[in-house]
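See below for the structure under consideration.
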């Protein structure tokens, strides 16, 4: 790959995709910039969470509420979904057959939904054990950081469904391709953020 | 949460009307305040009705919709941003006059209730920062930056319409709060625990939270849009160190927006969680910590200061250079100084709360970091002075603002250095000294910059120059009014008068508050003169037309096209060979307006209703959240989601202007140019100036 064919950081579509490859330069770069801005939000919520670790106000803390096994399952669901999205990206780049691409995307969507469902189940369990956000500053910080990530995953799933709809209606045209490329960045970004959550919130909380 | 809320109206009831309180408790004080507040509310309703009637009368609704509200043209969006800024400026100046008058007669009371006064300083600050300064600079960058870098539009024109819609929604929310009161009394910074529901359960703080949130989202998107445009859409040959300085400041401001707005989003969102869902981020009990809010707020707030000032620096750089007829002195130093300020702006936020109990060492570090910012700013001041040195200076309106700026801004900077010393700050923090300091930076800095920029670029946008005489009168009134209104506040601050005081009991304050009150009246007169300037300019527009497009003998690319520019900006994208690209072109043998060999079809973004839709649903969501009308929040939220998804399914996103049409339009303009008489700078302000400077350009080469 020579330097002129690299339009943006990450997986490029390549010249074979012509117009979509050209169009992706500004769109994908712009999306990277948006991700940087979003990362600040998560960074600040991480910082807020860490400063509020001591603010349990006599309520339940990490040891009482967190369950490593559950968090690990969620991590695995999300990591595998990132892998399957990677396979979808490769299918988009190299396969003219739409079925493979859609197949990987559907698997990714199911894994994403599985993650959300499992997370909701976790929250439900925490609620039933008295771990509600109105209980303490610590729980407030937890329920701002972790569900915000979940909300992002939900948004990404809605976007994925919308893109599957676009593929069905318009086929793999330029807007669909560039849409998939940006969603891929968001998806992997959410994976990275989750690794932060798993290490700092769950592992750090139980250790 | 409110348990007695109506299923449609939420907690909205008769008590939201600004005169309800006076009907219940008709004391003299209440009646006076109700008349003022109801008058303001009536102005909002009347203004809306007059605008609607005028549009109906002139049958212009369709025109408004298809030519403006749905237009993705960066130039029109820029103008709409500036219109919002000017309307909000008028309101916030009137509020300022009321506050100054209150303090002028405020010994032992005054005529405003503390509650009313609190709303005045909160809306004044919130409007001036989020709905005057931000839309004003966003509007000017929107209009000018793409023209300066030689491109046809921003990278994301549809997102640009959404940014406009969100800002308009926030501004509308603040305006609605005059009719369905009250607004917050927590100041523009909204510190908890005063703004928590325990102390402030009403709708006021919620109005503030959502208005600010809408504005923050708008600015984040705007920052991304501008930065990507400058990175990716520069004309061929427009390398980094050939960018006009205004574009450099636009880039740095955009980067600050990208990284500086999210902390405010977080701060207001967490405050909203506290208020709506009983979280405990900043509450006094259950493990909350209000210092977190203050850190988050100023992690935004300090970069924000430089978001506001950098574009003004850019505008002044263009003005000093253009109206001195010289190339900018120390271009590279100015660029590096701009970048240095942008980086340093993230390292000083703690100086906003020196007195909050951290150790002396930490205060010392942040005090020194704060003083360091004076260094690159000083570099700029010297560069501007040296640009004027031995130049042929024309004292036109932008230059008057610029010279007022350079003198007053240095004074404000010096008082900033005083405040940056933590031990001094302990004495004068939270006093009127601080109020005087930041107004000293923002009025001569930001506001003079924006007004100067308006005078500079108005002929580009509308095809005729602004009238000079009323412009000068307005500029001098601003300068004098500013000095009279704010220099006394320095004295009052040192005398110990706290900021945000509705009344005081110390007679020695009186002469100073009276002078400041008169100063506020002078500023009101300046506003009136601005209006007169606009009125006279529009009336005499035929006298001041500049179809040639270059009334000031400009240096950068925006002056190379007609006034107003065609919607595609450049018939053919120019090739850049150096700094001051257009001046270079004029001085080269090729002529100022070379005829291209051939034209190509131009693809432009098609009109879109996205901005209008998201603006409307954003407003309804914010309004519903403020008054606990949950059905409205859900309906508007659902509509937003549907609109965003549906937009993804559209494919007709562009339209094409044929090469023949571009050719025809360009030919028409070139013929008109040939009929114009070139003028020297001596005739700049006469009606002989049709926008074609004489060549060779007298005195412009250095």
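Miscellaneous remarks
- Semi-axis lengths (Å, descending) of the ellipsoid that matches the C-alpha gyration tensor of the stretch B:196-273: 37, 9, 9
- Whole-number D in µm²/s for the stretch B:539-617 (Stokes-Einstein; Kirkwood sum over Cα pairs; 4 °C, 1.567 mPa s): 84
- Alpha carbon convex hull of the stretch B:439-512, projected area averaged over orientations, nm²: 6.3
- Per-residue Cβ neighbour rank within 10 angstrom, fewest leading, B:401, B:382, B:207: B:382, B:207, B:401
- Residue-averaged 222 nm ellipticity for chain B, from DSSP H runs of 4+ at -39500 (n - 2.57), nearest 500: -21000 deg cm²/dmol
- Cα pair count fraction exceeding 25 Å, expressed as % - the stretch B:181-335: 44
- Per-selection Rg to Rh, the stretch B:576-702 - Cα, Kirkwood hydrodynamic radius: 1.25
- A convex hull fitted around the alpha carbon atoms of the stretch B:1-44 yields 94 Å³ per residue.
- Using every pair of separate Cα atoms, the Kirkwood estimate puts the hydrodynamic radius of the protein assembly as shown at 29.3 angstrom.
- Taking only the Cα atoms of the stretch B:624-670, the ratio Rg/Rh comes out at 1.48, with Rh defined as the Kirkwood radius.
- For the stretch B:140-220, the Cα gyration tensor yields ellipsoid semi-axes of 34, 12, 9 Å (square root of five times each eigenvalue, largest first, whole Å).
- Residues B:550, B:601 arranged by fewest to most Cβ contacts within 10 Å: B:601, B:550
- Normalised by residue number, the volume inside the convex hull of the Cα atoms of the stretch A:1-115 is 136 Å³ per residue.
- Equivalent-ellipsoid semi-axes of the stretch B:379-446, from the Cα gyration tensor, Å, largest first: 30, 13, 6
- Overall, the ratio between the Cα radius of gyration of the stretch B:98-191 and 2.2 N^0.38 Å, rounded to two decimals, is 1.47.
- Peptide B:266-275 shows a mean partner chain C-beta count of 3 within 10 Å per residue C-beta.
- Rel. contact order, % - alpha carbon contacts under 8 angstrom, at least six apart, chain B: 17
- Among the residues of A:127-134, the average count of other protein chain beta-carbon atoms within 10 Å of the residue beta-carbon is 2.
- One Cα centroid belongs to the stretch B:632-656, the other to the stretch B:1-74; the line between them spans 28 Å.
- For the stretch B:509-642, the calculated P(r), taken from all Cα-Cα distances in 5 Å bins from zero up to the bin holding the longest distance, is 2, 8, 9, 9, 8, 7, 10, 12, 12, 11, 7, 4, 2, 0, 0 percent.
- Rounded tilt (10° steps) of B:157-179 against the dominant C-alpha axis of chain B: 40
- Degrees, to the nearest 10: B:630-649 long Cα axis against longest axis of chain B: 20
- Taking only Cα atoms of the stretch B:421-573, radius of gyration then Dmax in Å: 21.0, 68
- Here the Kirkwood formula, the inverse mean of 1/r across different C-alpha pairs, assigns the stretch A:80-156 a hydrodynamic radius of 14.3 Å.
- Each 10 Å bin from 0 upward holds the following percent of the Cα-Cα pairs of the stretch B:375-507: 11, 34, 30, 16, 7, 1.
- Share of pairwise Cα separations in chain B, more than 42 Å, in percent: 26
- Per residue of peptide A:34-46, the mean number of Cβ atoms on other chains within 10 Å of the residue Cβ is 5.
- More than 17 Å apart - percent of Cα-Cα pairs taken over the stretch B:589-646: 58
- Each helix, a run of at least 4 DSSP H residues, gives -39500 (n - 2.57); summed and divided by the residues of chain A, these come to -26000 deg cm²/dmol at 222 nm.
- Ratio Rg/Rh [Cα only; Rh per Kirkwood] for the stretch B:1-132: 1.06
- Helix B:290-324 axis versus longest C-alpha principal axis of chain B: approximately 30°, rounded to the nearest ten.
- Per residue, the convex hull spanned by the Cα atoms of chain A amounts to 118 cubic angstrom.
- Dimensions in Å of the stretch B:310-384 - Rg and Dmax from alpha carbons: 15.7, 52
- Fewest-first ranking of B:249, B:454, using other Cβ atoms within 10 Å as the exposure measure: B:454, B:249
Bear in mind that the values in this text are calculations on the coordinates, not laboratory data. None of these values were measured; they are calculated from a predicted model. Cβ coordinates were reconstructed from backbone atoms using ideal geometry, including for glycine residues, and neighbour counts include every protein chain displayed.
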